[in-house]
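Below is one structure, written out as structure tokens; comments come after it.
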């Protein structure tokens, strides 16, 4: 069903690497864009070739319209179209409420609002009927809010609503738009193991999985949303009971 299609993943680090591999295993050509992590994106392209699919790594600032336009033009030149767009670019930086600055807001607006909108608006121009856009919101978009990340929480909630709005706007073109709302999946590099375990333990669900297993389930959900044609405009939680 997916063989021969082309996916553009914005953000080639960490979770993006596994999503790219799962799609490549299913015969999908992989485009990965990066702002600074060229090494990781090149690694994705090299890995994709093992599955006899094509790969392309492109430097792109997804918060910048002109940069996105250039990227989409390059994708069109090589592959002709984008079948699957996964808006994965994100920032996750703690900041105390009293210390929130314009810079904090801009960083989150760039990554989450503009970084989701420009690829969706411009990328959808070369998407065929039956194309898929997958956004990444956050489990707080659907439930309990935690403190210390206000700009992140607010802009991720906006992605959830943007998903519904994009699904409505693109319905006439036959493009499906859904979002994933993850809880803690993979420990950020600037958070200690002790802090991360405390975050994971907030769930009342007495069942735990490793970060690696969480990444695998995230990738499987992304694969599912790349194929499904019976739902659009929905936000799918994957939070291991964090919102209970």
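Every number in this text was worked out from the coordinates using simple rules, so none of it is lab data. Remember, it's a predicted structure, so these values are computed and weren't measured experimentally. Virtual Cβ from ideal backbone geometry, glycine too; neighbours counted across all protein chains shown.
Here the range 145-210 is treated as an ellipsoid with the same Cα gyration tensor; its semi-axes, largest first and in whole Å, are 31, 15, 10. Relative to the dominant Cα principal axis of the chain, helix 150-170 is inclined by about 30°.
For the ranges 113-120, 62-69, what's the packing order if you count other beta-carbon atoms within 10 Å of each residue, average per peptide, and put the highest first? Please report the intermediate quantities before stating the final value.
Values: 113-120: 23.4, 62-69: 17.8.
Highest to lowest by the protection proxy: 113-120, 62-69.
Between residue 194 and residue 36, the FRET efficiency estimated from the beta carbon spacing at R0 = 41 angstrom works out to 0.90. Each helix, a run of at least 4 DSSP H residues, gives -39500 (n - 2.57); summed and divided by the residues of the chain, these come to -12500 deg cm²/dmol at 222 nm. Ranking of 41, 124 by neighbouring Cβ atoms within 10 Å, starting from the fewest: 124, 41.
Relative to the longest principal axis of the Cα atoms of the chain, the long axis of helix 65-79 makes an angle of roughly 50 degrees.
Based on alpha-carbon atoms, the Kirkwood radius and the radius of gyration of the chain give Rg/Rh equal to 0.95.
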